[in-house]
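Presented below is the structure to which this report refers.
The values are calculated or read from the model by the stated rules, or taken from the named source; none is laboratory data. Just so we're clear, the structure is a prediction, and the values are computed from it rather than from any experiment. So basically every Cβ, Gly included, is an ideal-geometry build from the backbone, and we count neighbours across all protein chains shown. These area figures cover heavy atoms from the full protein model, side chains too; ligands, DNA and RNA do not enter into them. Shrake-Rupley method; radii C 1.70, N 1.55, O 1.52, S 1.80 Å.
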Amino acid sequence: MLDTLALSFIENQTLHHAPKAKRVVQLFMSGAASQCDTFDYKPELIKRRGEKFDPGGKVELFQSAPGVVMPSPWEWRRYGKSGRWVSGLFPHLAECVDDMAFLYAMVAKSNVHGPATFMQNTGFVLPGFPSMGAWLSYGLGSLNDNLPTFVVLPDNRGVPPNGPANWGAGFLPATHQGTVVKAGAKTPIYDLFPPERPYLTPQSERESQALLQKFNKAHQATRPGDTRLSARLQSYALAARLQLSAPEVLDIAGESPETRRLYGVDDPVTADLGRRCLTARRLLERGVRFVQIWSGADNGFPRRNWDSHEDLARDHGMLGAELDRPAAALLKDLKARGLLDDTIVIWTTEFGRMPCSQGGKGRDHNPAAFTSWMAGGGIKGSTSYGESDEWSFRAAVNPTYCYDQHATVLHLLGIDHKRLSFRHNGIDRRLTDVHGKVIQEILA
């Protein structure tokens, strides 16, 4: 039996303080994007190219021994009024740095993809805990009853490690889990429309639903406190409304040629992510509370995610070319439409990569330092928090965990992260566990 909630934001129709944001979009780089090849510029790596990597003390790697110091294959330049360093991997995102706040000292508690991906999404390295999107759905409710509160746009090559558990509701009521949308697919939402059969008519559908509702009510009456059936009932009701609302929101045919070019939806390299980023904007402007966009799937060969053990220039180069233009377009488009003011944009990954080489051209896992950035709703652009060491190997100043990032997001949405809880198995659980502090230094 599930425990009940002592206090519900939805029931009390209140927030802890005035919010600066209403919605969130998260760009997740599955496989671990390298901080020292994207946003964390370290001239020491260029200076010591090819030398023995010796940061002091024992260096433990995931699947290799430390190679030599390896600088990025991309050139670095300063961008924006802030003079922020960005590598040549992201020339379009580099144009947006004055809207971003960089977290240069992110730390993970695992160097294994599955647990680290769980941690960045749920705050725990173990399975069974609600994702951030589920917590926001639970705490804030919907802005549009005809669309899901939490939408997931996975990579067209597949799902990340842990699959749907990354956007699951855990022990929260099941209705708060993410709804997967495959933008551009013939059937973007599973089972959205009934199969084409001669015996399936509008009349038979109405009669079937009426009978099903009768059975469901009888079943639910004997199982008080079990949220699974109520979640299914709400899901079916939403599915019926989605048959009308989803086709419109997912149809980008009416977007202008300029917008399509901005997102790169007609370029084979950027088409998938371009369509998903454009779809995310359409969902956000229609009231979806949390949208998660995945770049990269699970491990496979050739690489189809950011896990560049063998050839970083090849694999990061491919993923970066796919992501850069669409992600920058999303930021620019939100800003142009006035939506960035109350929309939080998060770019993150599960951990970083080593500043030394693996097998000559790759990089191994590095949970001790990686970079995230945030923009929009209440975030102060042209700022940063934390620093890695001279190697981009360890967090050196203000180590920052997902708890702090999650606490900051909740704060901007009007929620005190210590007071958003759900009692489960005798414990008052939080997205931030027993940790987390709001990063005041990046708030506007």
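Hey, any hits in the stretch 116-126 for a residue that's open to solvent by 10 Å² or more (accessible area, probe 1.4 Å), in contact (Cβ under 8 Å) with a residue 40 or more places away in the chain and over 22 Å from residue 241 (Cα atoms)? Yes, the stretch 116-126 has at least one match. Given (1) aliphatic (A, V, I, L, M); (2) more than 18 Å from residue 100 (Cβ to Cβ); (3) in contact with a strand residue (DSSP E or B) (Cβ under 7 Å, 6 or more places away or on another chain), where does residue 427 come up short, assuming only one miss? Residue 427 satisfies all of (1) aliphatic (A, V, I, L, M); (2) more than 18 Å from residue 100 (Cβ to Cβ); (3) in contact with a strand residue (DSSP E or B) (Cβ under 7 Å, 6 or more places away or on another chain) except (3). Number of residues in the stretch 283-299 that are buried (at least 24 other Cβ atoms within 10 Å of the Cβ), in contact with an Asp or Glu (Cβ under 7 Å, 6 or more places away or on another chain) and on the phi < 0 side of the Ramachandran plot equals 2. If a residue must be open to solvent by 30 Å² or more (accessible area, probe 1.4 Å) and of a type in the set (A, V, I, L, M, F, W, C), how many such residues does the stretch 69-86 contain? Residues meeting the conditions: 3. For the criterion of being surrounded by fewer than 19 Cβ atoms within 10 Å (Cβ to Cβ), within 20 Å of residue 136 (Cβ to Cβ), in contact with an Asp or Glu (Cβ under 6 Å, 6 or more places away or on another chain) and modelled with pLDDT of 95 or more, residue 421 passes. Determine whether the stretch 33-46 contains at least one residue that is closer than 27 Å to residue 341 by Cβ and either without any contact (Cβ under 8 Å) to a residue 24 or more places away in the chain or surrounded by fewer than 16 Cβ atoms within 10 Å (Cβ to Cβ) (or both). Among the residues of the stretch 33-46, not one is closer than 27 Å to residue 341 by Cβ and either without any contact (Cβ under 8 Å) to a residue 24 or more places away in the chain or surrounded by fewer than 16 Cβ atoms within 10 Å (Cβ to Cβ) (or both), which makes the answer no.
Which of the helices (runs of 4 or more DSSP H) found entirely inside the stretch 170-280 contain at least 2 residues meeting this: modelled with pLDDT under 75 and over 27 Å from the mean Cα position of the chain (by Cα)?
Where helices (runs of 4 or more DSSP H) fall fully within the stretch 170-280 and carry at least 2 residues being modelled with pLDDT under 75 and over 27 Å from the mean Cα position of the chain (by Cα), they are 227-250.
The strands (runs of 3 or more DSSP E) falling completely within the stretch 307-387 that include 1 or more residues that are surrounded by 24 or more Cβ atoms within 10 Å (Cβ to Cβ) and touching an Asp or Glu at 6+ places or on another chain (Cβ under 6 Å) map to 370-376. Candidates 66, 55: the one that is in contact (Cβ under 8 Å) with a residue 24 or more places away in the chain, open to solvent by 50 Å² or more (accessible area, probe 1.4 Å) and out of contact with any Gly (no Cβ under 9 Å at 6 or more places or on another chain) is 66. Would you call residue 427 over 30 Å from residue 58 (Cβ atoms), without any contact (Cβ under 8 Å) to a residue 40 or more places away in the chain and surrounded by fewer than 24 Cβ atoms within 10 Å (Cβ to Cβ)? Yes; evaluated as a whole, the condition is true for this residue. The numbered conditions (1) more than 19 Å from residue 171 (Cβ to Cβ); (2) buried (at least 17 other Cβ atoms within 10 Å of the Cβ) are all true for residue 134 except (1). Pairs meeting the criteria (first residue in the stretch 204-232 and more than 20 Å from residue 174 (Cα to Cα), second residue open to solvent by 100 Å² or more (accessible area, probe 1.4 Å), beta carbons under 9 Å, at least 6 apart or on different chains) are 209/236.
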